[in-house]
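A.B. asks: The structure under discussion is supplied below as structure tokens; questions concerning it will follow.
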Amino acid sequence: MIGRLALIIVAVAAGVSVATFVPGLSQSFRYAVGLASGPGVAQLQGTAASAPELRTRHTEPDEEKPALVKLTQDQITAAHIDLTTVRGATLARRITVPGTVVPHADRIARVSVRLSAIVSELRKKIGDPVAKDEILAILESREVADAKSEYLAARLTDELQQDLFQRDKMLWDKRVSNEQQFLRSRNAAAQTRMRLDIARQKLLALGLAQTEIAALPEEPEGSLRRQAIRSPIAGRVVERKVDLGTAVGRDNLETELFVIVDLDRVWVELAISPADLPAISPADLPAIKEGQPVSISARTITEKVDGKIVFISPLLDKETRSAHVIAEIANGDGVWRPGSFVTAAIAVEEQAVPLVIPTSAVQTIDNEKVVFVRTPEGFERHPVGLGRNDDRLVEVVTGLRSGEVIAVTNTFSL
């Protein structure tokens with residue numbers, strides 16, 4: 001066994017020596033003894049040499065996304081992308097306090113009567129809208145009938161006496177009658193005019209309008225006992241305190257029939273404590289002032305509404321040490337219902353800034369703040385430098401110009 005292994009080693013060594021000194025030896029023999037690289041070796045070397053190149057190609061970062069996003073106006077509308085114009089505005093530092101919506105104190109009307117009567121008609125119920133001077137109910141009253149009759153009699157007497165006075169005055173001017181007759185006639189005319197004025201004032205006190213009084217001579221006799229109750233303001237009926245057939249005005253006491261509230265504008269009552277404003281003192285409220293803007297929001301209402309502060313109590317509550325503040329807001333669509341709990345953001349410090357945009361317009365892409373600017377083809381991505389901000393707006397230091405139009409909502413889709 002050992003001898004056979006020795007013979008193999010000697011043969012291989014001899015072959016190597018021959019291949020070295022014989023140039024014309026076939027290439028296949030050289031491959032067999034390992035003096036030349038075979039095709040497989042060369043292929044592996046080539047593959048190894050190209051591997052770094054492949055790795056470099058696959059490890060290169062992806063190309064940057066294009067700065068221009070092409071969209072038509074219909075596509076922008078379908079994507080619900082809202083636009084705004086870059087302009088100057090005011091940044092504000094705000095404090096947030098809770099509040100409650102209440103009716104505007106100057107827009108509440110309580111419809112009451114003092115005359116003794118019976119409710120014969122009810123033309124409005126709770127929740128109904130009413131216009132100013134619209135009829136709410138009809139009362140039947142002997143007191144009203146007596147007052148109307150007195151007025152009609154006084155009016156007739158006054159007309160007759162005024163005619164007599166004019167005749168006596170004409171005769172006196174012609175010196176046909178004596179002066180005593182003229183003076184008696186003038187005195188009687190003044191007395192009848194005074195009685196007519198008193199009768200008219202009684203009707204006004206009972207709630208009749210001037211137009212109703214002027215139309216009394218043409219009314220049928222059966223309507224003299226009827227009294228129309230009208231709304232003094234436009235609004236809605238929030239309370240009706242009588243039913244059909246109810247007796248009102250007993251013992252000459254006032255009876256409330258309806259409560260009308262105009263909710264086109266409402267108040268928001270705020271209780272601001274020293275925790276909200278450390279500068280509050282019993283003497284004044286230096287951090288906020290009447291006329292300052294305030295933003296009202298609620299969890300159940302998607303939109304915010306801006307208003308202003310109309311009253312600040314100069315005194316603090318003895319127990320809570322809070323100040324009573326009232327803000328006024330518009331409520332034309334009626335979404336801000338009295339009794340609702342809201343949150344008020346009061347601007348206590350303001351700074352004018354040359355260029356601002358809504359915070360919702362800013363997106364972060366590759367650690368860079370960008371804004372999408374409207375172009376004729378769609379939107380173009382602009383890197384921006386930002387500065388100061390509040391809860392709604394942010395200052396633009398670089399990247400935008402005044403007057404440019406940008407996307408402010410649903411920008412994530414761009």
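The values are calculated or read from the model by the stated rules, or taken from the named source; none is laboratory data. What you see is a predicted model; the values in this text were computed from it and never measured. Here the Cβ positions follow ideal geometry from the backbone for every residue, glycine too, while neighbour counts run over all protein chains shown.
A.B. asks: Quick one: in the stretch 306-352, which of the residues that are part of a loop (DSSP other than H, G, I, E, B) and β-branched (Val, Ile, Thr) is modelled with the highest pLDDT?
C.D. replies: In the first step, residues of the stretch 306-352 are kept if they are part of a loop (DSSP other than H, G, I, E, B); the result is 317-322, 331-340.
Next, from what is left, pick out any that are β-branched (Val, Ile, Thr): 320, 335.
Numbers: Thr320: 78, Val335: 93.
Residue satisfying both the conditions and the ranking: Val335.
The rows are residues; the columns are (1) closer than 23 Å to Asp106 by Cα; (2) at pLDDT below 85; (3) hydroxyl-bearing (Ser, Thr, Tyr).
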{"position": "Asp262", "(1), (2), (3)": "yes, no, no"}
{"position": "Val266", "(1), (2), (3)": "yes, no, no"}
{"position": "Glu269", "(1), (2), (3)": "yes, no, no"}
{"position": "Ala275", "(1), (2), (3)": "no, yes, no"}
{"position": "Ile280", "(1), (2), (3)": "no, yes, no"}
{"position": "Asp284", "(1), (2), (3)": "no, yes, no"}
{"position": "Ile288", "(1), (2), (3)": "no, yes, no"}
{"position": "Ile296", "(1), (2), (3)": "yes, no, no"}
{"position": "Arg299", "(1), (2), (3)": "no, no, no"}
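A.B. asks: When you scan the stretch 171-186, how many residues do you find that are surrounded by 12 or more Cβ atoms within 10 Å (Cβ to Cβ) and assigned to a helix (DSSP H, G or I)?
C.D. replies: So the answer is 8.
A.B. asks: Tell me, yes or no, whether the stretch 364-373 has at least one residue that is closer than 24 Å to Lys308 by Cα, out of contact with any Gly (no Cβ under 9 Å at 6 or more places or on another chain) and of a type in the set (Val, Ile, Thr).
C.D. replies: Let us first name the residues in the stretch 364-373 that are closer than 24 Å to Lys308 by Cα, namely none.
No, the stretch 364-373 contains no residue that is closer than 24 Å to Lys308 by Cα, out of contact with any Gly (no Cβ under 9 Å at 6 or more places or on another chain) and of a type in the set (Val, Ile, Thr).
A.B. asks: Now for a separate question. Mind checking which residues of the stretch 219-235 are at pLDDT 90 or above and out of contact with any Asp or Glu (no Cβ under 7 Å at 6 or more places or on another chain)?
C.D. replies: Of the residues in the stretch 219-235, the ones at pLDDT 90 or above are 224-235.
Leu224, Gln227, Ala228, Ile229, Pro232, listed by residue number.
A.B. asks: Among the candidates Thr320, Thr302, which residue alone is loosely packed, with under 14 Cβ neighbours inside 10 Å, among the hydroxyl-bearing types (Ser, Thr, Tyr) and within 30 Å of Pro129 (Cα to Cα)?
C.D. replies: The unique qualifying residue is Thr302.
A.B. asks: All but one of (1) within 30 Å of Glu269 (Cβ to Cβ); (2) of a type outside the set (D, E, K, R); (3) modelled with pLDDT under 95 hold for Val130, so report the exception by its number.
C.D. replies: Every listed condition holds for Val130 apart from (3).
A.B. asks: What pairs can you find where one residue is in the stretch 195-208 and more than 15 Å from Ala145 (Cα to Cα), the other is of a type in the set (Ser, Thr, Tyr) and surrounded by 18 or more Cβ atoms within 10 Å (Cβ to Cβ), and their Cβ atoms are less than 8 Å apart, with a gap of 6+ or different chains?
C.D. replies: Leu196/Tyr151
A.B. asks: Can you name every residue in the stretch 216-237 that is under 21 Å from Asp133 (Cβ atoms), surrounded by fewer than 16 Cβ atoms within 10 Å (Cβ to Cβ) and out of contact with any Lys or Arg (no Cβ under 8 Å at 6 or more places or on another chain)?
C.D. replies: Glu218, Glu219, Ser223
A.B. asks: Are any residues in the stretch 77-126 of a type outside the set (D, E, K, R), within 30 Å of Ala205 (Cα to Cα) and within 23 Å of the chain's Cα centre (by Cα), and if so, which ones?
C.D. replies: Passing the criteria: Pro103, His104, Ala105, Ile108.
A.B. asks: Being within 38 Å of the chain's Cα centre (by Cα), crowded, with 19+ Cβ neighbours inside 10 Å and either hydrophobic (A, V, I, L, M, F, W, C) or in a loop (DSSP other than H, G, I, E, B) (or both) narrows it down to one residue among Leu257, Leu208, Leu203; which is it?
C.D. replies: Details: Leu208 fails: within 38 Å of the chain's Cα centre (by Cα); Leu203 fails: within 38 Å of the chain's Cα centre (by Cα).
Every option except Leu257 fails the conditions.
A.B. asks: Which of the following residues is β-branched (Val, Ile, Thr) and surrounded by fewer than 13 Cβ atoms within 10 Å (Cβ to Cβ): Thr85, Thr100?
C.D. replies: Details: Thr100 fails: surrounded by fewer than 13 Cβ atoms within 10 Å (Cβ to Cβ).
After applying the criteria, what remains is Thr85.
A.B. asks: Looking at Lys318, Lys289, Lys308, Lys304, can you tell me which residue is among the basic types (Lys, Arg) and out of contact with any strand residue (DSSP E or B) (no Cβ under 9 Å at 6 or more places or on another chain)?
C.D. replies: Working: Lys289 fails: out of contact with any strand residue (DSSP E or B) (no Cβ under 9 Å at 6 or more places or on another chain); Lys308 fails: out of contact with any strand residue (DSSP E or B) (no Cβ under 9 Å at 6 or more places or on another chain); Lys304 fails: out of contact with any strand residue (DSSP E or B) (no Cβ under 9 Å at 6 or more places or on another chain).
That would be Lys318, the only listed residue that is among the basic types (Lys, Arg) and out of contact with any strand residue (DSSP E or B) (no Cβ under 9 Å at 6 or more places or on another chain).
A.B. asks: Another question, then. Counting only residues that are free of Cβ contacts under 8 Å to residues at least 60 places away in the same chain and under 29 Å from Pro338 (Cβ atoms), which one in the stretch 103-147 is surrounded by the fewest Cβ atoms within 10 Å (Cβ to Cβ)?
C.D. replies: That would be Asp106.
A.B. asks: Which condition number does Gln227 fail, the rest of (1) closer than 30 Å to Val294 by Cα; (2) in contact with a helix residue (DSSP H, G or I) (Cβ under 7 Å, 6 or more places away or on another chain) being met?
C.D. replies: Unmet condition: (1).
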